[in-house]
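Here is the structure we will look at.
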Amino acid sequence: MRAAVIAPIGLLKRYAARARYHLCLAHLCQSDSPYMQFYREASERGEYVILANSIIELGQPMSTDELLRALDLVHHAEFVMQDFPRDPATTHFWAMNKGEELKKRYADMKLMAVPQWGQGKVFEDWWASFLWLRNLPFIDTIGLPKFIRGGRGVAAQRLEQDPMLRLDKEFHLLGTWGNPLEVKDMTRYKWIRGVDSKAPVRFGQYGIALHPAVGLLGGNGLRDAVPALDFYNPDDPMPSITDHNVVTYLTWARGKTDARVLPFPKPEEGFETKSRIFKGP
């Protein structure tokens, strides 16, 4: 599985550049900025650059004109079409009415659609949206979003069991949820093309290391307590931890756990030597 590292603007060359697969955000790609320049150069080197519509970061869709300006700035390999949270009907309408137009304007660019569920957040509603969008011939990729949480694994199992549902489509994991170790678990599905995540850098900026074999220690409570990634904050007080996180995440995406994990004892067990067990003074 290919993996994109999402990082603050000031840390792009340190961490996002570790991969040749990228996801850049439309709302940051609006002018001749260092952010735009980084992804333009990546594209010119032949690296795979996906333009996301920034719905998660902004909380609302960008206008069509704003998105088109972002698309014109960088030669993107793929575009995540506008999606409307908990509004499958509008998401479908936008895909149907803009998809063919975008294909004509950017003939060599792939289009990704993101299925939605309704206000009740029922997985079967999301699945119905997926089935509707996958039948559009100009949609190349289906984005499996993190907001369906455990439903993403259910969707992957159904797709694994019925190859016809995957026919002529690619699949990408949009973000990570819960324990980012999910990335390694999802590599069992060889047809999932890629994943993107802010988690490795986001946690690293706050000194939180990802355990190579266990993932995020502390569970969802810790994840929710860490502030959202600030794209204008280049602080990296413990780069060795952030670097470790990025390497661990990229390794998971290859379906591996390369790092050696030391078997530290529990505090009450102390540590054993040849003569006795030391439990401190």
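The values are calculated or read from the model by the stated rules, or taken from the named source; none is laboratory data. Bear in mind the structure is a predicted one, so any value in this text is a computation, not a measurement. So basically every Cβ, Gly included, is an ideal-geometry build from the backbone, and we count neighbours across all protein chains shown.
Can you tell me which residue among F231, F171, F203 is in a helix (DSSP H, G or I) and touching a residue at least 24 places away in the same chain (Cβ under 8 Å)? F203 is the lone residue from the list that is in a helix (DSSP H, G or I) and touching a residue at least 24 places away in the same chain (Cβ under 8 Å).
T187 falls short of the stated requirement of being surrounded by 21 or more Cβ atoms within 10 Å (Cβ to Cβ), out of contact with any Phe, Trp or Tyr (no Cβ under 7 Å at 6 or more places or on another chain) and hydroxyl-bearing (S, T, Y). Condition (residue is touching an Asp or Glu at 6+ places or on another chain (Cβ under 6 Å) and either within 22 Å of S54 (Cβ to Cβ) or assigned to a loop (DSSP other than H, G, I, E, B) (or both)) applied to segment 141-154: is it met by at least one residue? There is at least one residue in segment 141-154 that is touching an Asp or Glu at 6+ places or on another chain (Cβ under 6 Å) and either within 22 Å of S54 (Cβ to Cβ) or assigned to a loop (DSSP other than H, G, I, E, B) (or both). Filter segment 174-194 down to the residues that are within 22 Å of Q161 (Cα to Cα) and assigned to a loop (DSSP other than H, G, I, E, B), then identify the one that is nearest to the chain's Cα centre (by Cα). Of everything passing the filter in segment 174-194, T187 is nearest to the chain's Cα centre (by Cα).
Are any residues in segment 80-120 among the charged types (D, E, K, R) and touching a Pro at 6+ places or on another chain (Cβ under 7 Å), and if so, which ones? Spell out how you get there, then give the answer.
Applying the first criterion (among the charged types (D, E, K, R)) to segment 80-120 yields 83, 86-87, 98, 100-101, 103-105, 108, 110.
Selection gives nothing.
Just one of the listed residues (L167, L102, L136) is at pLDDT 95 or above, surrounded by 19 or more Cβ atoms within 10 Å (Cβ to Cβ), closer than 23 Å to I50 by Cα and among the aliphatic types (A, V, I, L, M), namely L102. Against the criterion of being out of contact with any Phe, Trp or Tyr (no Cβ under 7 Å at 6 or more places or on another chain), in contact (Cβ under 8 Å) with a residue 40 or more places away in the chain and either among the charged types (D, E, K, R) or surrounded by fewer than 16 Cβ atoms within 10 Å (Cβ to Cβ) (or both), D196 qualifies.
Restricting segment 1-60 to residues that are of a type in the set (F, W, Y) and farther than 20 Å from P234 by Cα, the residue that is surrounded by the fewest Cβ atoms within 10 Å (Cβ to Cβ) is Y48.
Taking the criterion of being under 18 Å from R18 (Cα atoms) and either at pLDDT 95 or above or polar (S, T, N, Q) (or both), the only residue of segment 256-281 that qualifies is T257.
Test R69 against the criterion of being in contact with a strand residue (DSSP E or B) (Cβ under 8 Å, 6 or more places away or on another chain) and surrounded by fewer than 17 Cβ atoms within 10 Å (Cβ to Cβ), and give yes or no. The answer is no for R69.
Looking at T251, T242 in this structure, which one is within 29 Å of L58 (Cβ to Cβ), in contact (Cβ under 8 Å) with a residue 12 or more places away in the chain and not aliphatic (A, V, I, L, M)?
Among T251, T242, only T242 is within 29 Å of L58 (Cβ to Cβ), in contact (Cβ under 8 Å) with a residue 12 or more places away in the chain and not aliphatic (A, V, I, L, M).
In this structure, P137 does satisfy being at negative phi, in a loop (DSSP other than H, G, I, E, B) and without any contact (Cβ under 8 Å) to a residue 60 or more places away in the chain. Residues in segment 199-239 that are touching a strand residue (DSSP E or B) at 6+ places or on another chain (Cβ under 8 Å) and either surrounded by 13 or more Cβ atoms within 10 Å (Cβ to Cβ) or under 17 Å from C24 (Cβ atoms) (or both): P200, V201, F231. Looking at (1) out of contact with any helix residue (DSSP H, G or I) (no Cβ under 6 Å at 6 or more places or on another chain); (2) closer than 13 Å to F79 by Cβ, which is the only condition P137 fails? That leaves (2) as the condition not met. Scanning segment 218-228 for residues that are at positive phi and assigned to a loop (DSSP other than H, G, I, E, B) yields one hit, G218.
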